[in-house]
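Peer 1: One structure coming up, written as structure tokens, with questions to follow.
The values are calculated or read from the model by the stated rules, or taken from the named source; none is laboratory data. All figures in this text were calculated on a predicted structure; none of them were measured in a lab. Counting neighbours? That spans all protein chains shown, and the Cβs are built from the backbone with ideal geometry, glycine included.
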Amino acid sequence: MRHLLSTRDLPREDAIRLLDIAEDMADVQDREVKKLPTLRGKTVVNLFFEDSTRTRISFEAAAKRLSADVINFSAKGSSVSKGESLKDTAQTLQAMGADAVVIRHGSSGAPQTLATSGWIDAGIVNAGDGTHEHPTQALLDAFTMRRRLHGTASRGKDLDGVSVAIVGDIVHSRVARSNVWLLRTLGAHVTLVAPPTLLPVDVSGWPATVGYDLDAAIAAGPDVVMMLRIQAERMNAAFFPNTREYSRRWGLDEERLGRLRADSIVMHPGPMNRGLEISAAAADSPRSTVREQVANGVSVRMAALYLLLSGANTEQVRPGGVR
Ligand code: ASP
Ligand code: CP
């Protein structure tokens, strides 16, 4: 794997392979010594033009647990404020020896530009670009679903027949887009649930059904309910009447939580707006996987960096056997 830019064009076998390697990485996390020497001598640059807690820290933890050197760059406080371009910023990092660049950017397509422009040679990982994609989030979500559904026997498995309702601010969500494509590839069925104003104008090409009624979606008994954050920072107009009205109609409150199938799970990529799209009762309930998703993010990002930087072929990928 040279770059990881999107899930839309990620073949099924590559996705399953990455999830299986993430299982091996998760096993390493359970050991007393959590570190592998696999990427010793490699340098991973976290290049963040947008704010992040989970993604940036988990890429840093992932790289360090694989013994890579990590350079954290955040646009705030950098020479970007003096007008330095993406090209010059990237080439500066390349000159410092970056082998992989993990980039989050407000513009959809920025990671693709870095990967195809020829400006730098490093492997590129998309850590969220505008409203386009957030592939490692979808992979950690799939990993979490697979583990919850298949338990310890999840290696090699996909999500065939699993039903997932993705609820909320779809229009601004790169998490929704990456999930829709990956879940299709893995055989799951997706229903998008949102007010019409928070759905993209044309979803006819999306492999998903659309609904506007959360209660109907819950009555259908999905295996997974994935709540999305209302992304106020991307809204330049009123997308719904007011927050009370939104949480009344599209929020996962305690009463709706009680109507979910007993074995269904509640996901949220974070950060959460508690009391808006998700109640504290739902976020903290035993069926919530929010913290599991964060923990799984480290294993999945270790697997992604491993595939990008170790030059691994399919025979070499078991960390237990990695020198
Ligand atoms: N953290 C995720 C993202 O950056 C989801 C969100 O911010 O709501 O896309
Ligand atoms: N889920 C997610 O990407 O979180 P951050 O924005 O905190 O990285």
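Peer 1: With the condition kept exactly as written, say whether any residue in the stretch 17-27 is in contact (Cβ under 8 Å) with a residue 24 or more places away in the chain and surrounded by fewer than 17 Cβ atoms within 10 Å (Cβ to Cβ).
Peer 2: Yes, the stretch 17-27 has at least one match.
Peer 1: If you don't mind, there's one more thing I want to ask. Would you point out which residue out of Ser107, Ser117 is farther than 22 Å from Ser310 by Cα, in contact with an Asp or Glu (Cβ under 7 Å, 6 or more places away or on another chain) and in contact (Cβ under 8 Å) with a residue 12 or more places away in the chain?
Peer 2: One residue alone meets the criteria, Ser107.
Peer 1: Hey, among the residues in the stretch 5-42 that are among the β-branched types (Val, Ile, Thr) and outside any loop (DSSP other than H, G, I, E, B), which one's nearest to Glu60 (Cα to Cα)?
Peer 2: In this case the residue turns out to be Val28.
Peer 1: Just checking, which of Arg65, Arg40, Arg31, Arg56 is among the charged types (D, E, K, R) and within 16 Å of ligand 1 (Cβ to nearest atom)?
Peer 2: Only one candidate passes the filter, namely Arg56.
Peer 1: Return the residue satisfying two criteria in turn: it lies in the stretch 74-89 and is hydrophobic (A, V, I, L, M, F, W, C) and away from ligand 2 (no atom under 15 Å from the Cβ), and of such residues it is surrounded by the fewest Cβ atoms within 10 Å (Cβ to Cβ).
Peer 2: By that ranking, first place goes to Val80.
Peer 1: Please go through the stretch 223-259 and give me each residue that is farther than 29 Å from Glu292 by Cβ and touching a Pro at 6+ places or on another chain (Cβ under 8 Å), ordered by number.
Peer 2: Phe239, Phe240, listed by residue number.
Peer 1: For the stretch 118-131, indicate whether the set of residues that are in contact with a Leu (Cβ under 9 Å, 6 or more places away or on another chain), among the aliphatic types (A, V, I, L, M) and more than 19 Å from Ala22 (Cα to Cα) is non-empty.
Peer 2: Yes, that holds for at least one residue.
Peer 1: Sort out which residues of the stretch 90-104 are at pLDDT 95 or above and either among the acidic types (Asp, Glu) or more than 15 Å from ligand 1 (Cβ to nearest atom) (or both), and write them in order of number.
Peer 2: The answer is Ala98, Asp99, Ala100, Val101.
Peer 1: Given the structure, is Arg56 under 20 Å from the mean Cα position of the chain (by Cα) and among the charged types (D, E, K, R)?
Peer 2: yes
Peer 1: Show the residue pairs meeting these rules: Cβ distance below 7 Å; 6+ apart or different chains; first residue within the stretch 144-163 and of a type in the set (Gly, Ala, Ser); second residue in a strand (DSSP E or B).
Peer 2: Ser163/His189
Peer 1: Further, regarding this structure: Just name the residue that is farthest from ligand 2 (Cβ to nearest atom) out of those in the stretch 52-66 that are under 15 Å from Glu292 (Cα atoms) and hydroxyl-bearing (Ser, Thr, Tyr).
Peer 2: If we take residues in the stretch 52-66 being under 15 Å from Glu292 (Cα atoms) and hydroxyl-bearing (Ser, Thr, Tyr), then Ser58 is farthest from ligand 2 (Cβ to nearest atom).
Peer 1: For Ala208, state whether it is over 21 Å from Met272 (Cα atoms), at pLDDT 95 or above and surrounded by fewer than 14 Cβ atoms within 10 Å (Cβ to Cβ).
Peer 2: no
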